[in-house]
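Undergrad: Mind having a look at this structure? Questions to follow.
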Amino acid sequence: MQTIVTESVDVAATWLNRSEVVAFPTETVYGLGADITSEKALGNIFTAKGRPSDNPLIVHVHSFEQVKEVASEIPESAGTFIRHFFPGPLTLILKKNMAVSPLVTAGLPTVGIRCPSYPVAIEFLKRCHHPVAAPSANISGRPSSTDWETVYGDLKGKIRCVLKGPRSTIGLESTIVDCSVDPPRMLRYGAVSLEILRKLVPETIAATTQKHQQPKSPGLKYLHYSPSARVILCGPEYPLCKGEENSAWIGLSPPPEGVTKNLVCKDSEEYAYKLFSFFRECDREKIAVIFCEMPPPEGIGQAIRDRLQRASEV
Ligand code: AMP
Ligand code: MG
């Protein structure tokens, strides 16, 4: 299949409306979109990514009106989060409407919904005839793509179109909060921290999944965010990292001696923004080991810690 790269939201939406898979930019990471009413396009998302079919997709909307097309109930907590974070880097899990295909929700009675903030994403979604189901635009298990070149590198020949836009400014996937239960439960860390959620809805809790227990968010049980290089966590609570040949460092502190490559970030926001592209760069340069400093567990630091933790579990 020939993959078209375009800057035109009209061209990209036309392909999507014809049941083709289209990657598009958002502020978190790039998404891989399909019309939620097209079984063919939904199936092609799973094939293109090599994504397990029991891992549900997040539905992307451009307005509150569209939330009502996919959700059957909007509890008060969800209304509060919507007012503050639509558009923004927050996905809400709500009871699904009958019309939403089980292919989108992997058979769950709930649906994940997000409204991205990039103007180009909103313009694209407005031209699509229905809401758009979109997981991250990467091969399953790999770090999410934060620029169109990486999307193209992973998925060329497997999808119809890439809508070329700016690099994702946040760089990590959305926070997920389940509002289909009471109290609301945060299922995935992202740019919207638990502290911020609790300022708005104080009862919000963080989901804890015991080992061997089915996670509430199915995607959390899969290997994620992994570069080919081995990821080794560093910081006060870890053994001392010693630089070696073909190793790299990313963190907020200066690198250990002896690393071949390093990236020192000025704060956790920059760390989040650059993390996945650094992983990809290390893979291109055949780096064998990446030492990653755990940032403080505050704000987006929690989300970075979560991604690093899971990237290190091989
Ligand atoms: P991705 O878009 O690739 O970041 O993956 C979407 C994430 O959202 C996965 O971890 C899914 O398991 C999660 N997700 C999507 N829909 C639901 C749902 N209805 N309930 C719980 N988690 C969901
Ligand atoms: Mg993903």
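Undergrad: Go through the range 159-204 and give me each residue that's away from ligand 2 (no atom under 16 Å from the Cβ), closer than 16 Å to Thr28 by Cα and either open to solvent by 10 Å² or more (accessible area, probe 1.4 Å) or in contact with a strand residue (DSSP E or B) (Cβ under 6 Å, 6 or more places away or on another chain) (or both).
TA: Scanning the range 159-204 gives Leu163, Lys164, Gly165, Pro166, Arg167, Thr169, Val177, Val192.
Undergrad: Can you list residue pairs whose Cβ atoms sit under 7 Å apart, with the first residue in the range 1-22 being part of a helix (DSSP H, G or I) and the second being modelled with pLDDT of 95 or more and of a type in the set (D, E, K, R)? Count only pairs 6 or more apart in sequence or on different chains.
TA: Pairs that qualify, where the first residue is part of a helix (DSSP H, G or I) and the partner is modelled with pLDDT of 95 or more and of a type in the set (D, E, K, R), are Val9/Glu123; Val9/Arg127; Asp10/Arg127; Ala13/Arg127; Trp15/Arg160; Leu16/Asp35; Asn17/Asp35.
Undergrad: Scan (1) farther than 18 Å from Ala106 by Cα; (2) more than 16 Å from ligand 2 (Cβ to nearest atom) for the single condition Thr26 breaks and write down its number.
TA: (2)
Undergrad: Additional query: Which condition from (1) in contact with a Leu (Cβ under 6 Å, 6 or more places away or on another chain); (2) closer than 30 Å to Ala106 by Cβ; (3) part of a strand (DSSP E or B) is the one that Val231 breaks?
TA: The single condition Val231 does not satisfy is (1).
Undergrad: Checking the condition surrounded by 23 or more Cβ atoms within 10 Å (Cβ to Cβ), in a helix (DSSP H, G or I) and not small (Gly, Ala, Ser), which residue from Cys292, Cys282 passes?
TA: Cys282
Undergrad: What number of residues in the range 236-253 are in a loop (DSSP other than H, G, I, E, B) and touching a helix residue (DSSP H, G or I) at 6+ places or on another chain (Cβ under 9 Å)?
TA: Summing the residues that are in a loop (DSSP other than H, G, I, E, B) and touching a helix residue (DSSP H, G or I) at 6+ places or on another chain (Cβ under 9 Å) in the range 236-253 gives 1.
Undergrad: Something else about it: Scan the range 88-102 for residues that are under 20 Å from Asp35 (Cβ atoms) and part of a loop (DSSP other than H, G, I, E, B) and jot them down.
TA: Those that are under 20 Å from Asp35 (Cβ atoms) and part of a loop (DSSP other than H, G, I, E, B): Asn97, Met98, Ala99, Val100, Ser101.
The values are calculated or read from the model by the stated rules, or taken from the named source; none is laboratory data. None of these values were measured; they are calculated from a predicted model. Please note: Cβ atoms are built from the backbone with ideal geometry, for glycine as well, and neighbour counts cover all protein chains shown. Please note that ligands, DNA and RNA were not included when accessible areas were found on the heavy atoms of the full protein model with its side chains. Shrake-Rupley method; radii C 1.70, N 1.55, O 1.52, S 1.80 Å.
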